[in-house]
């Protein structure tokens, strides 16, 4: 974000009661030192590792530095799980059809309550989708386990349960007894 809009957005978020946030933007010296897109991506990934939502200006692709594009890319594909995106229209700005608004989970006007609601909806929506993915994985896991149980039941019961290897109990006892007598000497 442009630095003037950064400060204005933070002031806007400060007006929301019981709304806690932390900026994950890279420090200014990191911005100056990152010359390549790979360096920008690495710094952005580190900063966004614990982010729950990405807030970008709705017209970021028109005014942005390379950072907005990198933040958008990392939020969509750069981490283990996707980060919800909220696009914020500047004061007096209408919602445009931009790359950011198309990728965003929510678009908010320049209003503290609207931004707060968009953030909550985006995070809740992502949590619901995550729970659905987990439920699907659980169903597949249950299906595979029940299939493996059926295969196990179809096998002859004479096979040992440890993969066909007999445990040499007598040899282990003998070695242990030899170890005990050697250690007493």
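Just a few scattered comments:
- Annotation note: Cβ proximity below 6 Å between a residue of the stretch 4-31 that is at pLDDT below 70 and a residue that is assigned to a helix (DSSP H, G or I) and exposed (fewer than 15 other Cβ atoms within 10 Å of the Cβ) (sequence gap 6+ or interchain) occurs for no pair.
- Contacts under 6 angstrom Cβ, first residue in the stretch 71-98 being without any contact (Cβ under 8 Å) to a residue 12 or more places away in the chain, partner assigned to a loop (DSSP other than H, G, I, E, B) and surrounded by fewer than 20 Cβ atoms within 10 Å (Cβ to Cβ), 6 or more apart: none
- Residue in the stretch 32-45 that is nearest to the chain's Cα centre (by Cα), counting only those that are surrounded by fewer than 18 Cβ atoms within 10 Å (Cβ to Cβ) and modelled with pLDDT under 80: 37
The values are calculated or read from the model by the stated rules, or taken from the named source; none is laboratory data. The structure displayed is predicted, hence computed values, not measured ones. Neighbour counts are summed over all protein chains in view; Cβ atoms, including those assigned to glycine, are modelled from backbone coordinates with ideal geometry.
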